[in-house]
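To keep things clear, I will list the structure first and then write my remarks on it.
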């Protein structure tokens, strides 16, 4: 998303309106329902929306210059959190984690869905920052 | 199953693309909208005149006044839902047998939904409606300290409501596999842990979201009141409503995260084979401790701001300043502190240690002292005053009267021996409905009428408003007094039927009292129909308020800051579009 920047380098917002709060709330709600109720598309989509919106709102309110670093940080958190959930069922050995990919255990799948949301967010962050660097959006 | 997951994935993808396109549109809007430095809040904005029109405005607003209106509309919708749920229950209770609803499960679902809706989706949001709209005006702030977090706090609530009510919507869609939760609002384990119904999980998730929303709002109010006050507003002259919101926010900060944690533990018990609240290995009583450590402060979270509203409005129509301003604040703080030391009075009959019971009884009885301080101060404010019986004032007086009955029945229940007799009877239901309907809803109605000119720029129909009050008060007295009597007769609460042996209780009297309570409930319903009609009709067609002092407050020296703001709006608004900021026509500057 394009963001206008003020002369001081702070990203400027618009008086009295912001598109992000609605999506931060929706992302959290959908992600939470998806993870707890084991509906994986909702889990991944909701968490990606949440991460993207948090990055967006941080940028808009001037806490970050660009959203990509925040998005990448959040994606890292999701990957880690998801792996911790998987590890609770498999242990930390790589081979058991790999074999768990074929698992039908819903806790393992929940963990992978959180990790998946992290991977998608990471990819979005990577893509976003590369587009920014080529000057398509600043 | 795989097909369903695929369809959901596609839907989710389409949704995310929709989000990106909407956000892009907003960014285009930014290209010509006036800008302000982001991290400095919105107060420095020199030009706040532009807002998108229609639905987009309401979806994207972070203006405290708009968000206040959103909270108010949301709370009204929830009030209608909770009210209709209880009307079905009251109709069922006119006869001892199960003659109307078809199954006790439906009754239990309605009971659960009514309780949770009225407390979490009506009570808390209607207070947030007033605090969002008026706290910044009363303390001279440009907006809330964190306007975007304010937006997040509101937007968490619609998904929360959908999840809490989800069982009702999903029941017909899933052929009864997912039903409305039947846990009652207290969600006692092991019942709540063992009901294998996904409607309960959805409800818990919704409650969790509403807790996050309340916590975000509380943090915002604390920061706003501490840091955003105008230079001439100090702790000694901070208005009484802001004091109660500050205290309420502190209570929320300590209580709601605990509810969130307890809900997560319950979800883990239900879905991940943990045993926090299991009978074997865990403790169902642990749930009650955790729930009521949140639950009793929740009572004061709900009632302190209405007390603040009454303390603010009642003097305006008494022609006198609030009697004992300082002591009303001290009593608010005292109630706030004591509220965390009384939770086990909900558990006197669970077999907990009698010494613990006695200490909780003492603290519970002690709360009567600051409560009485408030009551006597309100009465003293009116004493020898020049009382004007406007609709807001009538609701304030009704509030005080109902508090006397609702409060004193509570003092009785705080005494262990009486509680052991009346526990889980309709006496308890009667007691807390005098408080919740007779006080919280009444204060909200009074405040809505009082500030109606500011929010809409119009005046309501005064005769209808007075009808609303009198029918509500009569309905409250009939319904909830009948419930107190039902409790004395031993009628247990939460039952869809009462076909018990006449040796246990006099069935004919119990039936009559239930019918009386239902009659009263219909009177309350009729009053609320008048209320909604009056608000909508007056908003659309009511006479435009052209004076800056619609309540003649200047005569008694009680003209206050929110009406000063109102006067500025009248001065700056175009004559052709006199309706104010709130309705989106001609948004004037805040500065």
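Test residue B:540 against the stated conditions and say whether it is more than 30 Å from residue B:322 (Cβ to Cβ) and modelled with pLDDT of 95 or more. Against the criterion (more than 30 Å from residue B:322 (Cβ to Cβ) and modelled with pLDDT of 95 or more), residue B:540 qualifies.
Of the residues making up region B:318-355, those that are modelled with pLDDT under 95, under 19 Å from residue B:285 (Cβ atoms) and in a loop (DSSP other than H, G, I, E, B) are B:351, B:352, B:353.
If you check B:39, B:66 for being facing chain A (nearest Cβ under 10 Å), out of contact with any helix residue (DSSP H, G or I) (no Cβ under 6 Å at 6 or more places or on another chain), at pLDDT 60 or above and more than 27 Å from residue A:34 (Cα to Cα), only one passes: B:66.
Scan region B:170-179 and tell me whether some residue there is more than 30 Å from residue A:58 (Cβ to Cβ), within 14 Å of chain A (Cβ to nearest Cβ) and not in a loop (DSSP other than H, G, I, E, B).
Filtering region B:170-179 down to residues more than 30 Å from residue A:58 (Cβ to Cβ) leaves B:170-179.
Next cut, within 14 Å of chain A (Cβ to nearest Cβ) only: B:170, B:174, B:177-178.
Next cut, not in a loop (DSSP other than H, G, I, E, B) only: B:170.
Yes, the conditions are met somewhere in region B:170-179.
For region B:244-272, a tally of residues being in contact with a helix residue (DSSP H, G or I) (Cβ under 8 Å, 6 or more places away or on another chain), part of a helix (DSSP H, G or I) and within 14 Å of chain A (Cβ to nearest Cβ) returns 9.
Could we say that residue B:111 is away from every other protein chain (no Cβ under 13 Å), in contact with a helix residue (DSSP H, G or I) (Cβ under 6 Å, 6 or more places away or on another chain) and over 30 Å from residue A:18 (Cα atoms) here?
Numbers: away from every other protein chain (no Cβ under 13 Å): yes; in contact with a helix residue (DSSP H, G or I) (Cβ under 6 Å, 6 or more places away or on another chain): no; over 30 Å from residue A:18 (Cα atoms): yes.
Here the answer is no, as residue B:111 does not meet what is asked.
If the condition is being outside any helix (DSSP H, G or I) and closer than 30 Å to residue B:555 by Cβ, then region B:356-393 contributes B:383, B:384, B:385, B:386, B:387, B:388, B:389, B:390.
Reported count of residues in region B:81-115, each being more than 21 Å from residue B:187 (Cβ to Cβ) and touching a residue at least 60 places away in the same chain (Cβ under 8 Å), is 12.
Among the residues of region A:49-66, those identified as facing chain B (nearest Cβ under 7 Å) and either within 8 Å of the chain's Cα centre (by Cα) or on the phi > 0 side of the Ramachandran plot (or both) are A:49, A:62. Checking each residue in region B:169-185 for being surrounded by 17 or more Cβ atoms within 10 Å (Cβ to Cβ) and within 27 Å of residue B:284 (Cβ to Cβ) picks out B:178, B:179, B:180, B:181, B:182, B:183, B:184, B:185. Go through (1) within 22 Å of residue B:421 (Cβ to Cβ); (2) in a helix (DSSP H, G or I); (3) modelled with pLDDT under 95 and name the single condition residue B:484 misses. Condition not satisfied by residue B:484: (3).
In the list A:39, A:119, which residue meets the criterion of being surrounded by 14 or more Cβ atoms within 10 Å (Cβ to Cβ), more than 21 Å from residue B:267 (Cβ to Cβ) and at pLDDT 90 or above? Spell out how you get there, then give the answer.
On the way: A:39 fails: more than 21 Å from residue B:267 (Cβ to Cβ).
That would be A:119, the only listed residue that is surrounded by 14 or more Cβ atoms within 10 Å (Cβ to Cβ), more than 21 Å from residue B:267 (Cβ to Cβ) and at pLDDT 90 or above.
Applying a threshold of 7 Å to beta carbon distances and a minimum spacing of six or more residues, or different chains, the list of pairs starting in region A:10-27 at a residue that is under 13 Å from residue B:66 (Cβ atoms) and at the interface with another protein chain (Cβ under 7 Å from one of its Cβ atoms) and ending at one that is assigned to a strand (DSSP E or B) and modelled with pLDDT of 85 or more reads A:16/B:61; A:17/B:61.
Among the residues here, residue B:513 does not qualify as touching a strand residue (DSSP E or B) at 6+ places or on another chain (Cβ under 9 Å) and either at pLDDT 95 or above or not in a helix (DSSP H, G or I) (or both). Does residue B:241 satisfy being under 26 Å from residue B:350 (Cβ atoms) and either assigned to a helix (DSSP H, G or I) or within 14 Å of chain A (Cβ to nearest Cβ) (or both)? Answer is no for this residue. Is it the case that some residue within region B:156-168 is in contact with a helix residue (DSSP H, G or I) (Cβ under 9 Å, 6 or more places away or on another chain), surrounded by fewer than 24 Cβ atoms within 10 Å (Cβ to Cβ), over 23 Å from residue B:59 (Cα atoms) and within 14 Å of another protein chain (Cβ to nearest Cβ)? No, that holds for no residue.
The values are calculated or read from the model by the stated rules, or taken from the named source; none is laboratory data. In this text the structure is predicted, and so the values were computed from the model without any measurement. When we count neighbours, we look across all protein chains shown, and the Cβ atoms used for this are built from the backbone with ideal geometry, even at glycine.
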